[in-house]
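Please treat every number below as a calculation from the coordinates, not as lab data. Computed from a predicted model, the values in this text were never measured in an experiment. We place every Cβ from the backbone using ideal geometry, glycine too, and count neighbours over all the protein chains shown.
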Amino acid sequence: MRKQVYSLLVDNTPGVLSRIAGLFSRRGFSIDSITAGVTADSRFTRITVVASGDERILSQIEKQVRKLEDVLEIKLLNDEEAVYRELILIKIRADAALRPGIIAIADVFRAKIIDVEKESLIVELTGAQSKLEAFLNLLDGYEILELARTGITGLSRGSQDIADAEEILRKRAEQDGFDRE
């Protein structure tokens with residue numbers, strides 16, 4: 001089994017995330033993580049889906065997702081040609097005596113302390129999954145009260161893969177014209 005990161009450019013319409021997640025559910029495909037957000041062009045949303053499976057399953061996922069009406073473009077991202085990031089927020093029990101140790105670990109990872117209370121603090125860290133896992137391993141001796149992770153989001157490197165929204169819409173209009181004939 002291997003992981004595959006799919007970067008989808010979709011119409012920014014109500015229910016689009018639900019339709020994509022529903023496709024995975026109906027087909028019995030597992031989602032390792034999914035993130036979504038509006039792009040620089042508010043007509044479109046970028047959805048990053050991470051899935052695991054053998055080559056046949058991953059190929060089937062790509063084919064099924066391509067068929068969805070809302071999907072304008074799908075890119076298969078790989079480690080050499082893409083940048084991935086994930087955000088994690090961790091609330092840690094930390095009285096005055098424990099704080100310096102946690103802050104020292106956070107400094108090494110360039111994490112931010114974003115909230116401090118009498119008995120806890122919240123740390124924010126962004127990076128590759130391996131960096132987040134290493135950070136969590138070093139916090140092993142501390143009591144983690146809450147933890148939230150965004151899941152992976154990613155973009156391909158360079159400018160050659162940037163989708164031209166107008167070109168995508170033009171092709172879609174042409175295809176719709178042919179479909180009606």
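Per-structure values
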| quantity | calculated |
| --- | --- |
| Relative contact order (percent, whole number), region 2-77, Cα cutoff 8 Å, 6+ residue spacing | 48 percent |
| 30 Å Cα-Cα threshold exceeded, pairs from K63/K171; K3/K118; K75/K131 | K3/K118 |
| Nearest 10 degrees, 0 to 90: helix 129-138 Cα axis against the chain principal axis | 20 degrees |
| Residues in region 74-99 that a label on V116 would reach, taking backbone N under 15 Å of a point 7 Å out along Cα→Cβ | 92-99 |
| Helix 165-180 vs. the chain, principal-axis angle (Cα, 0 to 90°, nearest 10) | 40 degrees |
| Cα long-axis angle, helix 16-27 against the chain (0 to 90 degrees, to the nearest 10) | 90 degrees |
| Peptide ranges 134-143, 147-156 listed from the most packed, as the mean C-beta count within 10 angstrom indicates | 147-156, 134-143 |
| Debye, to nearest 20: dipole size of region 83-154, +1 on Lys, Arg Cβ, -1 on Asp, Glu Cβ | 220 debye |
| When the convex hull of its Cα atoms is projected in every direction, mean area for region 83-154 (nm²) | 4.3 nm² |
| Average Cα contact separation per residue, the chain, under 8 Å, 6 or more apart, as relative contact order % | 24 percent |
